[in-house]
1. Hey, what number do you get for chain A at 222 nm if only DSSP H runs of n ≥ 4 count, each worth -39500 (n - 2.57), divided across all residues, to the nearest 500?
2. What's the FRET efficiency of D:Lys73 with B:Phe173 using the Cβ-Cβ distance as r and R₀ = 41 Å, to the nearest 0.05?
3. Order these by the 10 Å Cβ neighbour count, fewest first: A:Trp54, B:Trp211, B:Trp235.
4. Please compute the Cα-Cα pair-distance distribution of chain A with 5 Å bins starting at 0, giving whole percents from short to long.
5. For chain C, what is the relative contact order in percent, using Cα pairs closer than 8 Å and at least 6 residues apart in sequence?
6. Specify the inter-centroid distance of region C:1-31 and region D:1-79, based on alpha-carbon positions, in whole Å.
7. Under a crude label model (7 Å from the Cα following the beta-carbon direction), how far is B:Glu228 from D:Arg122 in nanometres?
8. Pull up all non-local amide H partners of D:Val209: gap of 5 or more, or a different chain, and H-to-H distance under 5 Å with H placed in the peptide plane.
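What follows is calculated from the coordinates using simple rules that are stated; it is not laboratory data. Fair warning: this is a prediction, and the values are worked out from it, not measured in the lab. Glycine gets a Cβ as well: all are built from the backbone with ideal geometry, and neighbour counts include every protein chain shown.
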Amino acid sequence: MEWASWSDFWSMGGYGLYVWGSYGVTALCILIEILLLRRSAGDTRRRLKRMQQWEEQ
Amino acid sequence: MNLYTFASPVTFYHLAGKLIPWFTWSAILLTVVGLYLSFFVAPTDFQQSEAYRIIFIHVPAAWMSMFIYLVMAFWGAIGLAFNTRLSFMMARALAPTGAIFTFIALWTGAWWGKPMWGAWWVWDARLTSELILLFLYVGIIALWAAIDDIKRGDRAGALLTLIGAINIPIIYFSVKWWNTLHQGASISLTKAPSMAKIMLIGMLVMAIAAWFYTIAVALVRVRGIILERERQSEWVKEILERET
Amino acid sequence: MHRFILAVLRRDLTLAARRRGDWLIAQFFFVMVASLFPLGVGPEPEMLARIGPGVLWVAATLASLLSLSRLFADDHHDGSLEHMVLSPEPTVLLVLGKSLAHWLIYCIPLLIIAPVLGIQFNLPWDAILVLEISLLLGTPILSLLGGVGAALTLGLRGGGVLLTLLILPLYVPALIFGAGAVDGVMAGTGAQAHLSLLGAFMVLSLMIAPWIAAAALRVSLE
Amino acid sequence: MTSDTLLLSVHNLACARGERTLFKAMNFSVGAGELLLVQGGNGQGKTSLLRLLTGLARPEEGEVRWRGQPIQKNREAFHAEMIYLGHANGVKDDLNPVENLRFAEGLQGRAFEEERAVAILRRLGLSRCLDLPCRVLSFGQRRRVALSALLLADAGLWILDEPLTGLDVHAVALMEGLIRDHLAAGGLCVATTHQALNLEGVKVQRLLVGNVAIPELV
């Protein structure tokens, strides 16, 4: 194990800002993509459903 | 024909539905393993201290950005040659994820460059090519957005992807050539002297995780596209009855 | 085959001759963009000679893009593009002819103006000569790759801006080799390597771009 | 089916715009001396059908054959014998009618016969406009220039999309005469129109595209 303590881990030998800045933004990007994807998947299904109901009327 | 049964949207919709959980869980598992390797197993680099740990996402993201582009070009070429609708849908489903990985590669490159080179941005051959790759992704997505007609959009996007794919090696080579002439920063992450085996394994695990993630996301997206395009057909109506 | 290309060429040249206004705008655009740079970065001769090759190349690229959005658009609008595509000759030759016409109409004048701007940027004579050669080899690339973009964005809303977005990244090698050749001769390292690479890229574009542009044109007309 | 009979035929043709299927399983054939009148309401796919026939668009399913050969495989021979007149005239505003015809002929790979071209333009009532740029001509006159190109091309197969729009009574009568002559000379014609046509003695087939019934026009 490389790290003596949690604070040691978070500081990353003084480069904490850069390391966590990179990992954080990556995680954020992926999170945003997943959220957008979930929303658009739901939207598509609801919209198609609505269009289908119009056609049936 | 056998190939065409898998290429039919109905079959693929259901197949994708079954595959998505597998790829999702594999991606999660591999990410956990990869993160463990990159933070707890890989040793401190004696030159770059802990900052080098950024490469565990930077390098896989850069690989993915180029790989996804090539896969898109492949699907585009297949679609143009054999007129298979599904391959165009795959290309469309991959593009946003490719663009995101390109952005991540650029972002992490900058955040790695700041402590190492003392500058957020250097016109290094790799970073510059990556930037141009991002432009290409944005161009393709913008072209799709501008064309309303599905068939035209599919084919136009595929042609643009193809000419980009032919151009990328030339762009990379020209930027590299330009870079050596101007004596810019040419330090390369992967050529760092202390490239230990464990680092390579860590990067590979992360790259495979990213690949599985991409497949899962693209499959979800392609299912949405299939529903949208096949909305007139009976099977889509049945699915909508069931799922909502 | 060459008769068809000649017919396309003669037609586009006649049409351009009837609309000199459009043609002049593109040339003035080139002069104006290049003239704005000294105002932005200052008039020091050394500095201008340093940035001159790059500025002139970027300005030439933008000037050729300005006219590219109309490469097929006018003919599409009045229906003559459909007639040309429906001619018995292959669409590739049509695209080749139109790209060639664009090069003759919009890029050759740039070659004539460039030395004057080169003097403004304090470039030495041998550098101006190499600039001319690099433009001669490099501007066909702009017309050929631009043809792909023009065919892809045919008839789209905001097609001109989209065309710029699609095609500029593909121009990067031409820009690098072209401006690099002039830089090379000024730095004393010679221009041959750059010019050969530029020529190779031009030949490659000539072999590939018309096919893709023809396919794109057929897709856009469908 | 021998390959030297003039015959345009479609086999199991399907066409879609976006996700909407306009028509499918369409079959017909048009032989020498026949006129196919395509009818149907707006947005039913008349123009789409004509664009499929010219080879500008590719069908969703099925194929179009000319002289028994699929047109995609035999594109050059087909286009040498076919001429299409769409909604747009294909007339350049900056050129005068004679120049327009000259370039149109050049692009079709044919030698330009100026005397014949001028005679055709005169026959279509454009004698006073020969050296005016088409920009200053009226809509109907520009349409006549486009029709002159049609006559000059001397093609076996005419595909006309609303050839009568913008034409006055005289021109419509003239057009009817031209179509009759073309068919009498053994040509084929596929046309859409909303206007009534007087076509006595012509073999006419009617094709209804879509599901909106149209009262008989001829």
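1. Working: 2 runs with 47 residues, N = 57.
Counting only the DSSP helices, I get -29000 deg cm²/dmol.
2. Numbers: r = 40 Å, r/R0 = 0.97.
About 0.55, to the nearest 0.05.
3. Values: A:Trp54 7, B:Trp211 20, B:Trp235 13.
Final ranking by Cβ density, sparse to dense: A:Trp54, B:Trp235, B:Trp211.
4. 4, 16, 12, 11, 10, 9, 8, 7, 6, 6, 5, 4, 3, 1
5. Working: 259 pairs, mean separation 59.3, N = 222.
Computed value for chain C: 27 percent relative contact order.
6. Using only Cα atoms, the two centres lie 36 Å from each other.
7. Rounded to a tenth, the inter-label distance reads 6.0 nm.
8. Amide H neighbours of D:Val209: D:Gln39, D:Gly40.
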